[in-house]
Each structure stands twice: as C-alpha cells, then as structure tokens.
Amino acid sequence: MGDRRECGAGRAAVRFRWKAPVPRMSLLLSGSLANAAPALRLSQILSTLSHALDMTEGQPAGHCVRAAFVADRIGAAVGLPGPERRDLRYAVLLKDLGCSSNAARLCQLYLADDLGFKRDFKRVGSGLPEVLRFVLEQTGAGADLAGRVRAVGHILRHGGEISRELIETRCTRGASIARRLRFSETVAEGIASLDEHWDGGGKPSGLSGGAIPLFSRIALLSQIVDVFHRFGGPRAALEETRRRAGRWFDPSLVAAFQDVVRDGTLWDELAGPEELLIPLEDDPAERVDETYLDDIAQAFGDIVDAKSPYTGNHCQRVALYADMIGESLALPDEARRRLRRAALLHDIGKLGVSNSILDKPGRLDEREWSLMRRHPVQSRVILSGLPVFAEAAEIGGAHHERLDGRGYPDGVGGSEITPLTRIVTVADIFDALTADRPYRKAMSRAEAFAILDADRDTGVDREMVAALRAGVDRLERANAGVDVLAAA
Ligand SMILES: [Fe+2]
Ligand SMILES: [Fe+2]
C-alpha cells in the first residue's frame, strides 16, 4: 500500500453492491440536489467558496465576505452607481483568488509556514524596520540554524525581487481566474493591482495615486479594515487606516471610510451573522445555471491544484478518472455532472494545510499528520455552506474513509460510505499513485492497479476499481487509435 497520505492498511469490509438500496442511491439517480441550482445566486456560491480563500491566507472564515461588505459601504459613500458597486463587491470578495499560487514558493523561499506567514504579514506596516523585523523573525523559523542563515541571507539579498515575484504571481493568477469566472476587466484589474500602494511603494508595478485602479484602492483598504477589526476591534481598524493614509491608502477613501463609521452601524453589522452581509439582489446576472456552476467548480479545483507543485492538476485528473468510472457504470449524465463537480472540489480543504506539510519530502510527524488529516473536515465545512454542494461536502469529507472503517477523519465504513464517495476515493488514490509525490516517484498504471486490487473490499470498492480499469482501457485504446492515425 502507498504512503498513508493516500490510503492505509485494511482488513475485511462490508461489501457494497451497486444495485443495493443504500440511502444515498435515490439522490444519486434522482438529481434532486442539482435541481436546486437554478435558484442559486452567484453571491451566495462565491461567498461560500471564499472561505477556502480565507483559509489559504490564514484569515478567519468570512474575511473576504466582510471585506466586500466594507468595500460596498465605501463604494456607496463615494457615490459609485449600483452596477459598479456590484463589480466592486466581487473584486473584493475574490481578491484572493490567486492566493494558492505562491504558497509553495513562499514556503520554499522563507522556510516558513505559508498560512502563518500570510496571516501575520497582513498586520505588518510598510515601514522598512517593521518589515525587516517581521522577515527576520519569520524566515526559517522551523529550520535548523544553517538553513535559517542561508534563507535569511538570500532574503536580505533578494527581498524586493522575491516579494515582487510572489505578489505578481498571486495577482496575475487571481485576475485570470476572475476573467474565467466571467467577471469584467474592471474586476480583474481590481484584483491584479490589489497590492499597489498610494505612495508608489506597493507591488508588483509600483503604481501610485490615481493610476491605481479604484477597486484595488478600496480593496486594500477594506482588507486591512477587516484584519485589524478582527484582531484589535474598531479602534485598531480606525487607527491603522489613519496611520496608512497617504502611504498605503488613498486619503479620500480613508475619509469616506471614516464617514461610513460615523454615520452607520458598520461594526455591529460586521460582528453579526455573515449571511446578512451578502446582498441578495434580484438581478438576472446573479443567477447561476448548471454550466456556470461547472465553471466555478473547475476554477476552484484549479485553485486547489495550484497550491502545491506535487498536486498540480490532481483535482482535474481525479474529476476525469471519476467521470470515467461514472461512464463505465452507465451513470446518468446528470449524476456524472455532480460527480465531476464533487471530484473537482474534494480537496478544497487542503487550502488550509501549510505547504511545509503538503510538500514535505520525508514522512510526516504526528503533528503534521494530524493537520493533514483535517483537510477532509475542512472540505466538508466549506462545501456544506450551500445546499447545492451538500453532496460534494459529503464526498469531500469522506474521500479518505475506507470500507473497513480504518480511514479518516471519522473512521466510518461499509454502507456509510456513499457510491459517489467510493468513486472519488478510487479516482483519488489512482491519481495519487500515478503522480510524482515529494516522498516518491510516480508509479506505473499497472503498479497502481495492483495496489488498488490488493485493497479491494477492505479499503476500496471492487466495482469502482473494475470500472476505472475499464475506463483506463478505453482511454488507452482511444490513444492507440490516435497514434495509428497519426502514423498513417
Ligand atoms: Fe484528500
Ligand atoms: Fe485528493
């Protein structure tokens, strides 16, 4: 059996037959969950999924939602019309779409826990001594002395260039995902310039003053308001915005923010239920159809895949393998669609695991392993925020369970594991075995199937393994056909 990050040892298990009347079968075939999709609103879906972005940035759940709410109030105070305020809210809600793309590099360069580093860095000001102190404290915090000295030396020599690269990667990637999610260029540009500062000291382009897109200026201010409000309350948020006015922030926007605070109930609203911060306008542009929901799942699968170089395209391939199993089992198209979405999102909780663990070349110690084992729980928590993702939440939460009850996080087994979950589990293990990992090289398909075969009935469902094998055979025959045509 492979590393226990992929699957574990097993013993006799309760067999599941595809035709057996397990409780979830009715959902599998009826499509009742997917029928809820047309009633969904974009703001609800993206607000729910933004919790995954919060985790990646080491922020408390709801950070992006609260920042978008603050931005909306500032937008109203400066007289932005309705459609522009809608765009502004999305630019801020999705400001961290690219956050996973620099996590591995940050971890590698600073020898630090990316989640803690990102969380704490948001509270560091722009003054050189402050930044330097933070970098020296954080760099190589978990490494040995020699590693720390090397890392600190490297950062001191190339610090400016490194932070510019990290920010550019994040912003460019975030803007590109926003475009794929059908948002306007104004939204994409707002995300791309999030880290530019009013005085020109920001990154990646060193824009200053009015050359910085308005949405970016409001996004940066709103982000800091939420970070300091959560950390130190209203006074801390107000002091920090005043302190950075004219350096990080557009002074006129800071004044508008102070007006919002004076006139309203901002702090009470921010401390209240999150659902009250999400606008529910009856706007046709807010309605999400099935194709749009597919695109959203695809985009967030990409965000998860970008977190680690070792899991690049993992979610995309798991979705492909799961769909091949679905095809072999002749599942209805609609069930296959839900299966693909769930497979794309199954590891969304990994965004809350540090790259110092995900990319570790050796075995995980007990503490690291216990953090790793939390990722299905985090997938479940995020996805259970919306009824349309209820099934994906169940699959995400249980994709490391085993039929014999020796999996994680809950140790459930047998008929407690749903058919769609069993499909994703087999697809997940097969991909993990056939891809390079930090702790071993990729296995051949034959080796991977030998491992899956040995774990049939104890860890994984034999019917799903057979269905995957049939799918892989079909794919290989199709590829052979293409080769023959190409050679002709
Ligand atoms: Fe996983
Ligand atoms: Fe996975």
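The values are calculated or read from the model by the stated rules, or taken from the named source; none is laboratory data. Quick caveat: nothing in here was measured; it's all calculated off a predicted structure. Because the Cβ atoms are built from the backbone with ideal geometry, glycine has one as well, and the counts that use them run over all protein chains shown.
So which of Ala285, Ala271, Ala236, Ala256 is closer than 22 Å to Val78 by Cα and among the aliphatic types (A, V, I, L, M)?
After applying the criteria, what remains is Ala256.
Please go through region 172-217 and give me each residue that is hydroxyl-bearing (Ser, Thr, Tyr), under 22 Å from the mean Cα position of the chain (by Cα) and assigned to a helix (DSSP H, G or I), ordered by number.
Residues satisfying the conditions are Thr172, Ser176, Ser216.
Tell me which residues, restricted to region 402-421, are buried (at least 24 other Cβ atoms within 10 Å of the Cβ) and among the charged types (D, E, K, R).
Matches in region 402-421: Arg402 only.
From Ala342, Ala299, grab the single residue that is in contact (Cβ under 8 Å) with a residue 60 or more places away in the chain, within 16 Å of ligand 2 (Cβ to nearest atom) and assigned by TED's automatic domain parsing to the domain that holds Ala398.
Working: Ala299 fails: within 16 Å of ligand 2 (Cβ to nearest atom).
The match here is Ala342.
Taking the stated definitions as given, is Ala91 farther than 30 Å from Lys360 by Cβ, touching a Gly at 6+ places or on another chain (Cβ under 9 Å) and among the small types (Gly, Ala, Ser)?
Criteria met by Ala91.
Among the residues of region 183-190, are any at pLDDT 95 or above and either closer than 16 Å to Trp248 by Cα or not assigned by TED's automatic domain parsing to the domain that holds Val254 (or both)? Walk me through it before giving the result.
At the first step, the residues of region 183-190 found to be at pLDDT 95 or above are 183-190.
Those left that are additionally either closer than 16 Å to Trp248 by Cα or not assigned by TED's automatic domain parsing to the domain that holds Val254 (or both): 190.
Within region 183-190 (the criterion being at pLDDT 95 or above and either closer than 16 Å to Trp248 by Cα or not assigned by TED's automatic domain parsing to the domain that holds Val254 (or both)), the answer is yes, since at least one residue qualifies.
Taking the criterion of being assigned by TED's automatic domain parsing to the domain that holds Lys441, touching a His at 6+ places or on another chain (Cβ under 9 Å), away from ligand 1 (no atom under 13 Å from the Cβ) and outside any helix (DSSP H, G or I), would at least one residue in region 364-385 satisfy it?
Within region 364-385 (the criterion being assigned by TED's automatic domain parsing to the domain that holds Lys441, touching a His at 6+ places or on another chain (Cβ under 9 Å), away from ligand 1 (no atom under 13 Å from the Cβ) and outside any helix (DSSP H, G or I)), the answer is yes, since at least one residue qualifies.
Kindly provide the set of residues from region 222-248 that are assigned to a loop (DSSP other than H, G, I, E, B) and either of a type in the set (Ser, Thr, Tyr) or free of Cβ contacts under 8 Å to residues at least 12 places away in the same chain (or both), ordered by number.
None; the set is empty.
Of the conditions (1) in a loop (DSSP other than H, G, I, E, B); (2) under 19 Å from Gly209 (Cβ atoms), Ser252 fails just one. Which one is it?
Ser252 satisfies every listed condition except (1).
Among the residues of region 432-454, write down those that are within 16 Å of ligand 1 (Cβ to nearest atom) and part of a loop (DSSP other than H, G, I, E, B).
Within region 432-454, Ala435, Pro438, Tyr439 meet the criteria.
Does Gly396 satisfy being closer than 26 Å to Gln44 by Cα and modelled with pLDDT of 95 or more?
Details: closer than 26 Å to Gln44 by Cα: yes; modelled with pLDDT of 95 or more: yes.
It is true that Gly396 is closer than 26 Å to Gln44 by Cα and modelled with pLDDT of 95 or more.
Pick from Ile429, Ile357: which is within 13 Å of ligand 1 (Cβ to nearest atom), out of contact with any helix residue (DSSP H, G or I) (no Cβ under 6 Å at 6 or more places or on another chain) and not in a loop (DSSP other than H, G, I, E, B)?
Ile429
Is there a residue in region 297-317 that is modelled with pLDDT of 95 or more, under 18 Å from the mean Cα position of the chain (by Cα), more than 16 Å from ligand 1 (Cβ to nearest atom) and not aliphatic (A, V, I, L, M)?
So far as region 297-317 goes, yes, one or more of its residues are modelled with pLDDT of 95 or more, under 18 Å from the mean Cα position of the chain (by Cα), more than 16 Å from ligand 1 (Cβ to nearest atom) and not aliphatic (A, V, I, L, M).
Could you look through region 325-334, keep only residues that are crowded, with 21+ Cβ neighbours inside 10 Å and part of a helix (DSSP H, G or I), and pick out the one that is nearest to ligand 2 (Cβ to nearest atom)?
In the first step, residues of region 325-334 are kept if they are crowded, with 21+ Cβ neighbours inside 10 Å; the result is 325-326, 331.
From what is left, the residues that are part of a helix (DSSP H, G or I) are 325-326.
Values: Ile325: 15, Gly326: 17 Å.
The residue in question is Ile325.
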